[in-house]
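Heads up: the structure comes next, in structure tokens.
The values are calculated or read from the model by the stated rules, or taken from the named source; none is laboratory data. Since we're looking at a predicted model, the values are computed, not measured. Reconstructed Cβ throughout: ideal geometry from the backbone, glycine too, with neighbour counts over all protein chains shown. Surface accessibility is based on the protein's heavy atoms, side chains included, excluding ligands, DNA and RNA. Shrake-Rupley method; radii C 1.70, N 1.55, O 1.52, S 1.80 Å.
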Amino acid sequence: MRLLRRLMLFCALTAISCGAPQETQRVDELTGEVLLEVTATHDMHRLMEDADLTGGASITPEQVQQFLQQKGSYLAGYRDPVWSNKTAATLIVERSRAYSISPLYILARIQIESGLIQSGTSNNLAKATGCGCPDSGGCNVSYSGFGNQVECGAAKIRNYLKDLDAGRTTVSGWKVGLTKQTLDPCTVTPATKATAALYTYTPWVGAYAVQCGYDSVGGSSLVAEVFKRYRSEYAWGACTVGGAILTRYNQLGGSGGFLGSCVTSELATPDGAGRYNHFQNGSIYWTQNTGAWEVWGQIRIKWEQLGWERSVLGYPITGELTTPDGAGRYNHFQNGSIYWTQATGAWEIHGDIRAKWEQLGWEKSNLGYPTSGELATPDGAGRYNHFENGSIYWTQTTGAREVRGLIHAKWAELGWEKSYLGYPTTDEQATADGVGRFNHFQRGSIYFTPATGAHEVIGDINTKWVELGRQAGLLGYPLTDETKTPDGVGRFNHFQNGSIYWTPTTGAHEVHGPIRAKWESLGWETGALGYPVRDEYAVTGGRESEFQKGFLMLNTATNTVTVRMK
């Protein structure tokens, strides 16, 4: 039986009739194509690497033409009248390059959808890549024709990758790390964008994956299988790696290292300043000024999303390194860095925000690792990165300042920079007494102690508190944020040892001690006295505070407070 299956595999791959009994052939229920021998070697969560799907930039039309001839393909002699009479090989390479998709993927897609790569007949030209041909049957006539099918197949897979690069799901809900069911059904969590894109195009695992798959459907696992075979069956041209890139490649273990084999020869970067090679699992980029450095894994994916060397980061100036705490990985670039951990993912940080983070101690600082890239604030005036334990915010006028912990939580609760406080103007600092912590903002401050929590003090109340010596003065730390009075006229903060009340007509004044206690007993500002109009002051025999409608006088000898109306 094993010998018979090997014979059928040979027949399927070479399109030679071997006279095998018809019942031994397994036919794909979706496409009608004869299925290959099942080897069940593919991980359904990781069918292809991203570099597999987007590589192959050095493959030429001449190589594809030779490959088609080697396979005895009808396409070896085909020219498309709708596409300027171009050969099939030229169309496959041109349309693949136009969308930065590997021609080997297009070849594999054509074979599993229509069998045209290994068939000497012209059947199925109209649905060569299966694009616009849903499993339910029928094809969209606007995509009919070989050139249109190749264009559609490359464009659709690139559009899926654009969504994934932007952090979105694809049109049918696939995304790296997001668990979803295929039509087999199998429960799949794509580990690469290439895998998520394949399932978007063909939502079946099929018969060629280890864990799961409907055995009479080729599915996306068959794409991966045919891609792998086509890559190994033809000498696509020696992938040239030279100069400083080769030196770095060899330092990293060459083809036996983590980068794997090259998938492009050395190419010039779009800006003309650099050179690069893509490999199975990463890339090495070189310029005269920066040298040759590798970028791979999640950091490379993030750099690609940002726009490679044309992004704000520029070219890499280090290889990927381990952070001192052993939890993360990073690359430094000309204008910034990308940091990654398993928990946070990969995020870029650059400019003044990066300089502040470096000043604070990188990931060893209280902020920890970044959890966002640099983003614009809603008002357009600022920029920020969030971190595990806080944030750094920047504006042209305030510079870059860190806010973290419970002060950060309070600022977020109040509305970030859109709150009355505005942007931070200091980092978090310790108070002189060593008890508390604070950040100053454009229009106030947030102070914190373990006993009082974090509270904001703003506007004229803040000015009065500063005048009285802040936390070192008679009032101590704030116990509340600035709060509206019940009558809606005034504002107040309570502090450890008193309060400050404000109205537009009376201004901001403090009330504390026995006088405050008496005023409270009389109903605060809603009582007979109204709001305070002066801070507490000395009088003969004691202390006194003046209110809108009277006075409260403290006899320090008897510790009693009396009321005197105006």
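Annotations
- Restricting attention to the stretch 410-447 and to residues that are in contact with a His (Cβ under 8 Å, 6 or more places away or on another chain) and not aliphatic (A, V, I, L, M), the residue that is nearest to Leu479 (Cα to Cα) turns out to be Tyr447.
- Residue, farthest from Tyr276 (Cα to Cα), within the stretch 312-334, restricted to residues that are in contact (Cβ under 8 Å) with a residue 12 or more places away in the chain and of a type in the set (Gly, Ala, Ser): Ala327
- Residues (in contact (Cβ under 8 Å) with a residue 60 or more places away in the chain, under 30 Å from Gly115 (Cα atoms) and surrounded by 15 or more Cβ atoms within 10 Å (Cβ to Cβ)) located in the stretch 230-277: Tyr230, Arg231, Tyr234, Trp236, Cys239, Val263, Thr264, Ser265
- Subset of the stretch 21-44 [open to solvent by 30 Å² or more (accessible area, probe 1.4 Å), of a type in the set (A, V, I, L, M, F, W, C) and either over 38 Å from the mean Cα position of the chain (by Cα) or at pLDDT below 55 (or both)]: Val27, Val34
- When we screen Val226, Val217 for residues that are under 30 Å from Asp184 (Cα atoms) and either part of a loop (DSSP other than H, G, I, E, B) or open to solvent by 40 Å² or more (accessible area, probe 1.4 Å) (or both), the only hit is Val217.
- Residues (hydrophobic (A, V, I, L, M, F, W, C) and in contact (Cβ under 8 Å) with a residue 40 or more places away in the chain) located in the stretch 150-170: Val150, Ala154, Ala155, Ile157, Leu161, Ala166
- Per-region count, the stretch 176-232, residues within 17 Å of Asp50 (Cα to Cα) and touching a Pro at 6+ places or on another chain (Cβ under 6 Å): 2
- From the list Gly368, Gly380, the lone residue that is open to solvent by less than 30 Å² (accessible area, probe 1.4 Å) and assigned to a loop (DSSP other than H, G, I, E, B) is Gly368.
- Condition check for Gly436: more than 30 Å from Leu367 (Cα to Cα) and buried (at least 16 other Cβ atoms within 10 Å of the Cβ): no
- The set of residues in the stretch 549-566 being out of contact with any Pro (no Cβ under 8 Å at 6 or more places or on another chain), touching a residue at least 12 places away in the same chain (Cβ under 8 Å) and assigned to a loop (DSSP other than H, G, I, E, B) consists of Lys549, Thr556, Ala557, Lys566.
- Only listed residue being open to solvent by less than 10 Å² (accessible area, probe 1.4 Å), touching a residue at least 24 places away in the same chain (Cβ under 8 Å), in a loop (DSSP other than H, G, I, E, B) and under 30 Å from Ala528 (Cα atoms), chosen from Leu421, Leu475: Leu475
- If you go through the stretch 478-495 and keep only what is surrounded by 15 or more Cβ atoms within 10 Å (Cβ to Cβ), over 41 Å from the mean Cα position of the chain (by Cα), outside any strand (DSSP E or B) and of a type outside the set (Val, Ile, Thr), you end up with just Gly490.
- The set of residues in the stretch 497-546 that are in contact with a Pro (Cβ under 8 Å, 6 or more places away or on another chain) and either modelled with pLDDT under 95 or in a loop (DSSP other than H, G, I, E, B) (or both) contains only Thr506.
- The residue pairs whose first member lies in the stretch 171-195 and is without any contact (Cβ under 8 Å) to a residue 60 or more places away in the chain, whose second member is of a type in the set (Ser, Thr, Tyr) and surrounded by 13 or more Cβ atoms within 10 Å (Cβ to Cβ), and whose beta carbons are closer than 6 Å, counting only pairs six or more residues apart or on different chains, are Ser172/Thr200; Trp174/Tyr199; Trp174/Thr200; Lys175/Thr169; Thr179/Thr189; Gln181/Thr187; Asp184/Tyr214.
- Test result for Tyr276, modelled with pLDDT of 95 or more and outside any helix (DSSP H, G or I): no
- Any chance Ala88 is closer than 15 Å to Gln63 by Cβ, in contact with a strand residue (DSSP E or B) (Cβ under 9 Å, 6 or more places away or on another chain) and open to solvent by 10 Å² or more (accessible area, probe 1.4 Å): no
- Of the residues Gly130, Gly145, Gly138, the single one that is among the small types (Gly, Ala, Ser) and either without any contact (Cβ under 8 Å) to a residue 24 or more places away in the chain or touching a Cys at 6+ places or on another chain (Cβ under 6 Å) (or both) is Gly138.
- For the stretch 94-106, the condition holds for at least one residue, the condition being that it is surrounded by 22 or more Cβ atoms within 10 Å (Cβ to Cβ) and assigned to a loop (DSSP other than H, G, I, E, B).
- Thr426 being closer than 22 Å to Thr503 by Cα, out of contact with any helix residue (DSSP H, G or I) (no Cβ under 9 Å at 6 or more places or on another chain) and open to solvent by 10 Å² or more (accessible area, probe 1.4 Å): no
- Among the residues of the stretch 322-341, those identified as touching a strand residue (DSSP E or B) at 6+ places or on another chain (Cβ under 6 Å) and of a type outside the set (Val, Ile, Thr) are Ala327, Gly328, Arg329, Tyr330, Asn331, Phe333, Asn335, Gly336, Ser337, Tyr339, Trp340.
- For the stretch 356-365, residues that are of a type outside the set (D, E, K, R) and open to solvent by less than 50 Å² (accessible area, probe 1.4 Å) total 3.
- Val141 meets the conditions (1) modelled with pLDDT of 90 or more; (2) more than 26 Å from Ile301 (Cβ to Cβ); (3) aliphatic (A, V, I, L, M); (4) out of contact with any Ser or Thr (no Cβ under 8 Å at 6 or more places or on another chain) in every case but one. The failed one is (1).
- Hits in the stretch 387-407 - residues which are outside any helix (DSSP H, G or I) and open to solvent by 50 Å² or more (accessible area, probe 1.4 Å): Glu388, Asn389, Trp394, Gln396, Thr397, Arg401
- Complete set of residues in the stretch 140-189 that are buried (at least 18 other Cβ atoms within 10 Å of the Cβ), part of a loop (DSSP other than H, G, I, E, B) and under 22 Å from the mean Cα position of the chain (by Cα): Thr170, Trp174, Lys175, Val176
- Candidate set: the stretch 45-66, residues that are outside any helix (DSSP H, G or I) and open to solvent by 20 Å² or more (accessible area, probe 1.4 Å); chosen: the one modelled with the lowest pLDDT: Ser58
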